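Participant: This structure is in structure tokens; I'll ask about it shortly.
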Amino acid sequence: MHALTEWEIDAIVEQAYTPELVADKKILVLTPDATRTCPLPRMVRLVQKYLGEAAARIDYMVALGTHTPLSDEAILALYGVCAEQKRTVFANSHFLNHRWDREDTLARIGWIGEQETAELSRGRLKERVPVDINRAVFNYDMILVIGPVFPHEVVGFSGGAKYLFPGISGGEFLHFFHWLGAVVTCPGTIGIKNTPVREVIDRAMRFVEIEVQCLAMVVKNQNELHGLFAGDVKEAWARAADVSAKVHIIVTERPYHTVFGICPSMYDEIWTGGKVMYKLEQVVADGGRLIIYAPHITQISRTWGHHMERIGYHVRDYFLTRMDTFADIPRAVLAHSTHVRGIGAMIDGVERPRIEVILASGIPEEMCRTINLGYLDPNAINPDDYRNREQEGILFVEQAGEILHRLH
């Protein structure tokens, strides 16, 4: 599968979004933040080039989900927009954060009832859930999602409608489907196209009355595009997910007793750095260990760290057997906890994780013990000592967190 040329990328955008399609429309472009690998500045420039003259207006919003809000300067840097371009090429555009942390930014667009949640979750959860979205969307005629598609621990494959839910949503609905993904489990979800959580998100999309288009990217080797699909958000995402399954999944013949994953710098807290675990858990042998090497990470989560320090990291069944104890903890936090801790069980009241998860990060040993994870001093580790030792049962993974490894 070849990487698309610049000419091919330009042609896809130009042909998909003709002046007739976008004429006089106010368009809101939704993008990822810096925790997703993709040639975002290039795509933003192409959108402005081919849609900018015909559209009445194009604004850009970082679909943060529950990630940390960005400063105005950080947003422009994310999009590769310098001060001169802001005054000229993007003079009529606004650059926005999704402020999920402020209730006044959200509007309720519907409810999913108990019977529906029971059906969509295959009987795992049954509750009436409100669906909220950033009220800014009502100021536009079209939403255009620009984002990459990778295997994802909560929804199966990222991208597409996920840029609306949770990208620009919040509240109970966000916590509901994150917890649903955790109940299904990460190995039961990640790299699977049709999942209960994706169906829940698709159901929520029926409340969105604005036209939603998508430029779905399949990225490899940082910025190479091995797929770019334009059109209706669901169709473009589905085509990209099919290619992602071929590009972003490595199948191994046997498990390894030790897996050493290098956490990229774009993950600057365990909240996102946990992706190293999600993508590598399945190839760690029973009783083995996964080492997340992240010397640059010094905190669990800027937003949710106080919750995590209280509850720690545990297997799913630890929470399922005592949900009343954690009724005041947002369920997306519980989901993060069990995703990082991995598969396991409660046996005679004792938690039995399948593997050991070890942080070699800037988080102190005492804190690692408090949150129920292992610890290694990153300054005492030479990552090269783990390279090229597959025959000994040791797997070394550079730039872990986006490529899914699973057993044959």
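The values are calculated or read from the model by the stated rules, or taken from the named source; none is laboratory data. Because the structure is a prediction, the values reported are computed rather than measured. Counting neighbours? That spans all protein chains shown, and the Cβs are built from the backbone with ideal geometry, glycine included.
Participant: Please find, among Arg289, Arg341, the residue that is in contact with a strand residue (DSSP E or B) (Cβ under 7 Å, 6 or more places away or on another chain), modelled with pLDDT of 95 or more and surrounded by fewer than 20 Cβ atoms within 10 Å (Cβ to Cβ). Spell out the reasoning first.
Facilitator: On the way: Arg341 fails: surrounded by fewer than 20 Cβ atoms within 10 Å (Cβ to Cβ).
The conditions single out Arg289.
Participant: When the stretch 365-383 is examined, which residues are found to be farther than 15 Å from Phe260 by Cβ and loosely packed, with under 13 Cβ neighbours inside 10 Å?
Facilitator: Glu365, Glu366, Arg369, Asn379
Participant: Is it the case that the stretch 112-124 has a residue that's over 24 Å from the mean Cα position of the chain (by Cα) and of a type in the set (Ser, Thr, Tyr)?
Facilitator: No: zero hits.
Participant: Additional query: For a quick check of your reading of the model, give me the residue pairs whose first member lies in the stretch 368-396 and is closer than 18 Å to Ser301 by Cα, whose second is part of a loop (DSSP other than H, G, I, E, B), with beta-carbon atoms closer than 6 Å and at least 6 apart or on different chains.
Facilitator: Qualifying pairs under 6 Å: Ile371/Gly312; Ile371/Tyr313; Asn372/Gly312; Asn372/Tyr313; Leu373/Tyr313.
Participant: Report yes if Leu280 is more than 20 Å from Gly374 (Cβ to Cβ) and not polar (S, T, N, Q), otherwise no.
Facilitator: Considered against the rule, which asks whether it is more than 20 Å from Gly374 (Cβ to Cβ) and not polar (S, T, N, Q), Leu280 comes out as no.
Participant: For Arg122, indicate whether it is outside the structural domain of Ala332 (by TED's automatic domain parsing), surrounded by fewer than 24 Cβ atoms within 10 Å (Cβ to Cβ) and free of Cβ contacts under 8 Å to residues at least 40 places away in the same chain.
Facilitator: no
Participant: Okay, next question. For the stretch 27-85, give me each residue that is within 26 Å of Ile403 (Cα to Cα) and free of Cβ contacts under 8 Å to residues at least 12 places away in the same chain.
Facilitator: Matches in the stretch 27-85: Ala77 only.
Participant: Considering only residues of the stretch 125-135 that are among the aliphatic types (A, V, I, L, M) and within 21 Å of Ala161 (Cα to Cα), which is farthest from the chain's Cα centre (by Cα)?
Facilitator: Val129
Participant: Mind checking which residues of the stretch 201-251 are in contact with a Pro (Cβ under 6 Å, 6 or more places away or on another chain) and either within 15 Å of Gly156 (Cα to Cα) or buried (at least 19 other Cβ atoms within 10 Å of the Cβ) (or both)?
Facilitator: Met217, Val219, His248
Participant: Can you find a residue that is over 16 Å from the mean Cα position of the chain (by Cα) and either part of a strand (DSSP E or B) or among the aliphatic types (A, V, I, L, M) (or both) anywhere in the stretch 265-275?
Facilitator: No, every residue in the stretch 265-275 fails to be over 16 Å from the mean Cα position of the chain (by Cα) and either part of a strand (DSSP E or B) or among the aliphatic types (A, V, I, L, M) (or both).
Participant: Further question: Could you list all residues from the stretch 269-320 that are aromatic (Phe, Trp, Tyr) and in contact with an Asp or Glu (Cβ under 6 Å, 6 or more places away or on another chain)?
Facilitator: Tyr278, Tyr318
Participant: I need the full set of residues from the stretch 136-171 which are of a type in the set (Phe, Trp, Tyr) and either surrounded by fewer than 24 Cβ atoms within 10 Å (Cβ to Cβ) or free of Cβ contacts under 8 Å to residues at least 12 places away in the same chain (or both), in order please.
Facilitator: Phe138, Tyr140 - these are the residues of the stretch 136-171 that are of a type in the set (Phe, Trp, Tyr) and either surrounded by fewer than 24 Cβ atoms within 10 Å (Cβ to Cβ) or free of Cβ contacts under 8 Å to residues at least 12 places away in the same chain (or both).
Participant: Considering only the stretch 183-200, how many residues are among the aliphatic types (A, V, I, L, M) and surrounded by fewer than 24 Cβ atoms within 10 Å (Cβ to Cβ)?
Facilitator: Qualifying residue count, the stretch 183-200: 3.
Participant: Among the candidates Met346, Met266, Met308, Met277, which residue alone is at pLDDT below 95 and either touching a His at 6+ places or on another chain (Cβ under 8 Å) or of a type outside the set (S, T, N, Q) (or both)?
Facilitator: Exactly one of Met346, Met266, Met308, Met277 is at pLDDT below 95 and either touching a His at 6+ places or on another chain (Cβ under 8 Å) or of a type outside the set (S, T, N, Q) (or both), namely Met266.
Participant: So, one more: State which residue pairs qualify: first residue without any contact (Cβ under 8 Å) to a residue 40 or more places away in the chain and more than 14 Å from Val219 (Cβ to Cβ) and inside the stretch 232-250, second residue among the β-branched types (Val, Ile, Thr) and buried (at least 18 other Cβ atoms within 10 Å of the Cβ) in any location, beta carbons under 8 Å apart, and separation of 6 or more residues or different chains.
Facilitator: Final answer for the pair search is Asp232/Val212.
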